[in-house]
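Single-structure report; data block below.
The values are calculated or read from the model by the stated rules, or taken from the named source; none is laboratory data. All of these numbers come straight from a predicted model, not from anything done at the bench. Quick reminder, even Gly has a Cβ in these numbers, built from the backbone with ideal geometry, and neighbours come from all protein chains shown. Protein only, heavy atoms only, side chains kept; ligands, DNA and RNA dropped before computing areas. Shrake-Rupley method; radii C 1.70, N 1.55, O 1.52, S 1.80 Å.
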Amino acid sequence: MSSEHYTPAVNPLPPVVVALVLFIMGIELAFTLGARGLVGGPSAVGWRLDALQSYTFSPDIFHWMIENGRWPFEHVIRFVTYPFVSGSFTQAVFVSVFVLAMGKMVAEVFGGFQMLIIFVLSGIGGALVYGLLLNPAYPLVGGFPPVYGLIGAFTWLLWRKLSLVGENQSRAFSLIAVLLGIQLVFGLLFGGTSDWVADLGGFATGFGLSFFLAPGGWARIVGRIRRD
């Protein structure tokens, strides 16, 4: 039977999404198995702690770099590496699930490379907001800020779609409102950190980048500038 007109029941995941999830979970599995002594020998027990010290975003180090005007590569790279160092197996799983869901939708519309740019730059944007607006004593760990960047891009798609059909565009922000509301409730009930500020910064970065990275986005901006 010819497969020329065969349409799969489930659309395959974009390769960049699969690569991101494999990278995140691969690192987490190494930490988890190392802590149990299953790989890496005795030194593997401290792999997660070493990574938390060397690759997470540290506000203290960030402020030190600003004050001294020095930007060592091993510290600047923390803006990019911290999303791949999870504080726990559970955090890594939740991040991966969101990357699979939101990353798939964004990559299918924007393109895989553009989706990766949104992920990386939203992580950087979230860290900048976290470091500039707050002075926390704890580092920024895990991939939720760039995940919120993907949510920002998805929100932009909804916002754009609602504008085209003449409906209330504020409805596009329902998802981010629900997610931040859940974080607030959990923070009040169980205590928490202020890393939601980084998540919001990641969301804003992803939403803003979408004006440029969406198909035809740059052309629309140039055309609007010329008309003005």
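Please specify each residue of segment 71-85 satisfying the condition of being of a type outside the set (A, V, I, L, M) and either surrounded by fewer than 19 Cβ atoms within 10 Å (Cβ to Cβ) or at pLDDT below 95 (or both).
Matches in segment 71-85: 71, 72, 73, 74, 75, 81.
Looking only at residues in segment 62-95 that are among the hydroxyl-bearing types (Ser, Thr, Tyr) and in contact (Cβ under 8 Å) with a residue 24 or more places away in the chain, the one that is nearest to residue 16 (Cα to Cα) is 81. Residue count for segment 108-146, restricted to those that are in a helix (DSSP H, G or I) and either closer than 18 Å to residue 204 by Cα or open to solvent by 60 Å² or more (accessible area, probe 1.4 Å) (or both): 27.
Residue check: residue 155 meets all listed conditions (1) among the β-branched types (Val, Ile, Thr); (2) modelled with pLDDT under 85; (3) assigned to a helix (DSSP H, G or I) but one, namely (2). Residue pairs whose Cβ atoms lie under 8 Å apart, sitting 6 or more positions apart in sequence or on different chains, and linking a residue in segment 96-124 that is charged (D, E, K, R) to a partner that is in a helix (DSSP H, G or I) and open to solvent by 10 Å² or more (accessible area, probe 1.4 Å), do not occur here.
I'd like the full set of residues that are at pLDDT 85 or above and open to solvent by 30 Å² or more (accessible area, probe 1.4 Å), limited to segment 180-206. Steps first, please.
Taking segment 180-206 first, the residues at pLDDT 85 or above are 195-206.
195, 196, 200, 204, 205, listed by residue number.
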